[in-house]
Amino acid sequence: MLSIIGVIVVGIIVVVVKALIRDAGDSNDANNDTTTDSATDTVLTDEQMEAAEAAEVGDCMTDVTGSGDMVVECSDPTAFWTITLVSDDSGAEVDMFGDLTDSSVGGTVCGEEYLGWTPGELWKSYQYVYTEEFEGLGGPVDYFYCVEAIDKEDANGGRPVTPDTGDCTDGTLLTFDCSNASALYVVDAVEVYNPPIDELSFDYTTALGGCEGSGYYATPVTVDESFTSYVYMAYCSSDNV
């Protein structure tokens, strides 16, 4: 009988202005769910906001939330994203939770590939800065940033590249050299869903043909949008032995 690894839940980061930042933060594992940080708002100082306003294509951003600079030198150890596009007229707005009222704007501004994951390629995502006149009421997005992960290893040797067939991973969306001690699984097959599937209708026991020949059932990669979880991709895997 096949086993299950868990669910990979990915959050987008933001910024508010008083400004707040949200992005795909660090990976972690809890209760058998593999997640990246869910959306977290960060208030920017005037100096940090000025840097965000001046950010251009080719500049770098951190994935750190809570405090600190949003835009950093690309040589900075905290640099995680490279900006590929900046828009100051996206027309996007956020609700009282800091979430986009229309999540499709990410695809409109950046391209559909920025809404999901492409196996074998660097992560793509978006961040945004919005002005909140009254705390807790949301507001218009001032700057919308399309970003691509910088291809460098983390402290454990993981790269921000979506695992493809034959790649090794630790059960997240990181790719590892298969000789790395953290490379616990090898990906046997991958399936991408466009449009994404409501997680409630996703059956991991039958996805990808039931992962016949693999050691584990399908591991879904999900994003929470407006209180609904959507599966963007799933992969079959076996122990890396």
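Given TYR145, TYR216, TYR230, TYR235, which one is within 30 Å of ASP89 (Cα to Cα) and open to solvent by less than 40 Å² (accessible area, probe 1.4 Å)? Explain how you work it out, then say what you get.
Numbers: TYR216 fails: within 30 Å of ASP89 (Cα to Cα); TYR230 fails: open to solvent by less than 40 Å² (accessible area, probe 1.4 Å); TYR235 fails: within 30 Å of ASP89 (Cα to Cα).
When all the criteria are applied, what remains is TYR145.
Being surrounded by fewer than 20 Cβ atoms within 10 Å (Cβ to Cβ), of a type in the set (Val, Ile, Thr) and modelled with pLDDT under 90 is the filter here; which residues of the range 106-134 pass it?
THR131
Of the residues SER103, SER125, which single one is closer than 22 Å to THR228 by Cβ and part of a strand (DSSP E or B)?
Values: SER103 fails: part of a strand (DSSP E or B).
Selected residue: SER125, the only one of SER103, SER125 that is closer than 22 Å to THR228 by Cβ and part of a strand (DSSP E or B).
Can you go through ASP76, ASP69 and tell me which one is in contact with a Cys (Cβ under 9 Å, 6 or more places away or on another chain), at negative phi, in contact (Cβ under 8 Å) with a residue 12 or more places away in the chain and assigned to a loop (DSSP other than H, G, I, E, B)? First the steps, then the outcome.
Values: ASP69 fails: in contact with a Cys (Cβ under 9 Å, 6 or more places away or on another chain).
Answer to the selection: ASP76.
If LEU137 satisfies all but one of (1) open to solvent by less than 40 Å² (accessible area, probe 1.4 Å); (2) touching a residue at least 40 places away in the same chain (Cβ under 8 Å), what's the number of the condition it fails?
(1)
Check the range 184-198 and report whether any residue there is polar (S, T, N, Q) and either part of a loop (DSSP other than H, G, I, E, B) or more than 21 Å from GLY107 (Cα to Cα) (or both). Steps first, please.
Filtering the range 184-198 for residues polar (S, T, N, Q) gives 194.
With the extra rule that they be either part of a loop (DSSP other than H, G, I, E, B) or more than 21 Å from GLY107 (Cα to Cα) (or both), the set shrinks to none.
Taking every residue of the range 184-198 in turn, none turns out to be polar (S, T, N, Q) and either part of a loop (DSSP other than H, G, I, E, B) or more than 21 Å from GLY107 (Cα to Cα) (or both).
Within the range 148-164, track down each residue that is in contact (Cβ under 8 Å) with a residue 60 or more places away in the chain, of a type in the set (A, V, I, L, M) and open to solvent by 10 Å² or more (accessible area, probe 1.4 Å).
Answer for the range 148-164, where residues must be in contact (Cβ under 8 Å) with a residue 60 or more places away in the chain, of a type in the set (A, V, I, L, M) and open to solvent by 10 Å² or more (accessible area, probe 1.4 Å): just ILE150.
List the number of the failed condition for PRO195; all other conditions in (1) more than 22 Å from GLU121 (Cα to Cα); (2) surrounded by fewer than 21 Cβ atoms within 10 Å (Cβ to Cβ); (3) without any contact (Cβ under 8 Å) to a residue 60 or more places away in the chain hold.
Just one mismatch for PRO195, condition (1).
Which residue out of ASP89, ASP41 is of a type in the set (D, E, K, R), assigned to a loop (DSSP other than H, G, I, E, B) and at pLDDT 90 or above? So that I can check it myself, show each step before the final result.
Details: ASP41 fails: at pLDDT 90 or above.
Just a single option satisfies the conditions, and that option is ASP89.
The values are calculated or read from the model by the stated rules, or taken from the named source; none is laboratory data. Keep in mind that this is a model prediction, so the values were computed, not measured. Don't worry about glycine lacking a Cβ; one is built from the backbone with ideal geometry, like all the others, and counts go over all protein chains shown. SASA here: full protein model, heavy atoms, side chains in, ligands and nucleic acids out. Shrake-Rupley method; radii C 1.70, N 1.55, O 1.52, S 1.80 Å.
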